[in-house]
Amino acid sequence: MDFRVLGCHGGESPKHQCPAFMLDGRICLDAGSITNMLSLKEQQKVEAVVVSHAHLDHVRDLAMLADTRTQQGGPPLVIASTPGTIAVLKKHFFNDKLWPDFSKIPGEKATVIYQNLKPEVPTDVCGYQVRLVPVHHTVEAAAIFVSDGTSTVAYSGDTGPTDRLWEVLAKEPHVRALLMEVAFPNEQDKLARDSRHHTPKSLELELKKLGVKQRDIPVLLFHIKPVFQKDTERQLSKIRARNNTILNIGDQYIL
Ligand SMILES: [Zn+2]
Ligand SMILES: [Zn+2]
């Protein structure tokens, strides 16, 4: 799978973009920064966005992606997530108040199609097998496992300490990378715990849950808060784990 980082931070500035990751130019994991990073042609090729949870830093670019799609035509954009997250998007985002309901525009033809994914059940999304695994955040949130039949990418979404992600990871045979969130430096431990995010310290404990067979999986870190970037990166460099990499905008891997 071709894996490309569109945005990987827990905030925004000209140098920082909210989380969004693209697979094969066709599927995005979250929509924190899609329309500000992709050309119109590239946007039109996005077939589906799998959403980890409904927080704005993960869904905001669904707004302009859907709007532009109405003018571009072509196949509808699939927005896939848990039933709870889809319900929030329908009620609070694409609700004809904050933003139009693109599942009814234009006319009879939908620009957006919602795909409810039952947690834990592997389901086909535009030719990829997607499995959502509930994690611990301040709202309903899921980790996302995406497989093309050969490779699997695991994406934590936003989460504090959790067990289920690691249990599922231990049984997935072809995981090529784990995208793992970390948001705050160790000094902000209370804030991290209250907002269900990780610090380098809590991440280090969490990574100990990796099974022996999973120890070599590359761990790609994202969601660092820009204000705390230096301190968090310094603390992350001290974690004694072999395969940790802090992601940057534009990073690209074949997984
Ligand atoms: Zn969140
Ligand atoms: Zn977030």
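The values are calculated or read from the model by the stated rules, or taken from the named source; none is laboratory data. From a predicted model like this one, the values you see are computed outputs, not experimental measurements. Because the Cβ atoms are built from the backbone with ideal geometry, glycine has one as well, and the counts that use them run over all protein chains shown. Quick note on the areas: whole protein, heavy atoms, side chains included, nothing else; ligands and nucleic acids left out. Shrake-Rupley method; radii C 1.70, N 1.55, O 1.52, S 1.80 Å.
Looking for something open to solvent by less than 80 Å² (accessible area, probe 1.4 Å), assigned to a loop (DSSP other than H, G, I, E, B) and not hydroxyl-bearing (Ser, Thr, Tyr) - is there at least one such residue anywhere in the range 186-195?
no
Of everything in the range 47-61 that's more than 11 Å from ligand 1 (Cβ to nearest atom) and in contact (Cβ under 8 Å) with a residue 60 or more places away in the chain, which residue is surrounded by the most Cβ atoms within 10 Å (Cβ to Cβ)?
Selected residue: Val50.
Specify which of the listed residues (Ala183, Ala170) is in a loop (DSSP other than H, G, I, E, B) and not basic (Lys, Arg).
Exactly one residue qualifies, and that residue is Ala183.
Does Glu181 satisfy being within 16 Å of the chain's Cα centre (by Cα) and at pLDDT 95 or above?
Working: within 16 Å of the chain's Cα centre (by Cα): yes; at pLDDT 95 or above: yes.
The answer is yes for Glu181.
Looking at the range 212-226, I want the residues that are within 13 Å of ligand 2 (Cβ to nearest atom) and have a partner that is assigned to a helix (DSSP H, G or I) with Cβ atoms under 8 Å, at least 6 apart or on another chain. Which pairs are those?
Filtered contacts from the range 212-226: Ile224/Thr232; Ile224/Glu233; Lys225/Thr232.
Condition first: of a type in the set (Val, Ile, Thr) and either in contact (Cβ under 8 Å) with a residue 40 or more places away in the chain or in a loop (DSSP other than H, G, I, E, B) (or both). Now tell me which residues in the range 110-122 satisfy that.
Our first condition is that a residue be of a type in the set (Val, Ile, Thr); within the range 110-122, this holds for 111-113, 121.
Within the range 110-122, Thr111, Val112, Val121 qualify.
With a cut-off of at least 2 residues that are at pLDDT 95 or above and buried (at least 17 other Cβ atoms within 10 Å of the Cβ), name the strands (runs of 3 or more DSSP E) lying wholly within the range 211-255. Break it down stepwise before answering.
On the way: elements: 219-222, 244-246, 252-254.
Those strands (runs of 3 or more DSSP E) span 219-222.
Looking at (1) in contact with a strand residue (DSSP E or B) (Cβ under 6 Å, 6 or more places away or on another chain); (2) free of Cβ contacts under 8 Å to residues at least 40 places away in the same chain; (3) closer than 19 Å to Leu117 by Cβ, which is the one condition that is false for Thr82?
(2)
Taking into account only those residues within the range 148-162 that are in contact with a Lys or Arg (Cβ under 8 Å, 6 or more places away or on another chain) and part of a strand (DSSP E or B), which is nearest to ligand 1 (Cβ to nearest atom)? First the steps, then the outcome.
Applying the first criterion (in contact with a Lys or Arg (Cβ under 8 Å, 6 or more places away or on another chain)) to the range 148-162 yields 151-153, 158-160.
Narrowing further to those that are part of a strand (DSSP E or B): 152-153.
Numbers: Thr152: 23, Val153: 19 Å.
Per the criteria, the residue is Val153.
Would you be able to tell me the number of residues in the range 1-43 that are more than 16 Å from ligand 1 (Cβ to nearest atom), surrounded by 18 or more Cβ atoms within 10 Å (Cβ to Cβ) and either free of Cβ contacts under 8 Å to residues at least 40 places away in the same chain or acidic (Asp, Glu) (or both)?
6
Those residues that are at pLDDT 95 or above and loosely packed, with under 15 Cβ neighbours inside 10 Å, I need them from the range 67-89; list them, please.
Residue satisfying the conditions is Pro83 alone.
Touching a residue at least 24 places away in the same chain (Cβ under 8 Å) and surrounded by 17 or more Cβ atoms within 10 Å (Cβ to Cβ): does that describe Met64?
Values: touching a residue at least 24 places away in the same chain (Cβ under 8 Å): yes; surrounded by 17 or more Cβ atoms within 10 Å (Cβ to Cβ): no.
Spelling it out, it is not the case that Met64 is touching a residue at least 24 places away in the same chain (Cβ under 8 Å) and surrounded by 17 or more Cβ atoms within 10 Å (Cβ to Cβ).
Mind checking which residues of the range 129-140 are open to solvent by 10 Å² or more (accessible area, probe 1.4 Å) and either touching a Lys or Arg at 6+ places or on another chain (Cβ under 9 Å) or within 13 Å of ligand 1 (Cβ to nearest atom) (or both)? If you could, list the steps in order and put the result at the bottom.
Taking the range 129-140 and keeping what is open to solvent by 10 Å² or more (accessible area, probe 1.4 Å), we get 129, 131, 134-140.
Once the filter is applied, which keeps residues that are open to solvent by 10 Å² or more (accessible area, probe 1.4 Å) and either touching a Lys or Arg at 6+ places or on another chain (Cβ under 9 Å) or within 13 Å of ligand 1 (Cβ to nearest atom) (or both), the range 129-140 yields Pro134, Val135, His136, His137, Thr138, Val139, Glu140.
Go through (1) under 19 Å from Val49 (Cβ atoms); (2) open to solvent by 10 Å² or more (accessible area, probe 1.4 Å) and name the single condition Pro173 misses.
The number of the failed condition is (1).
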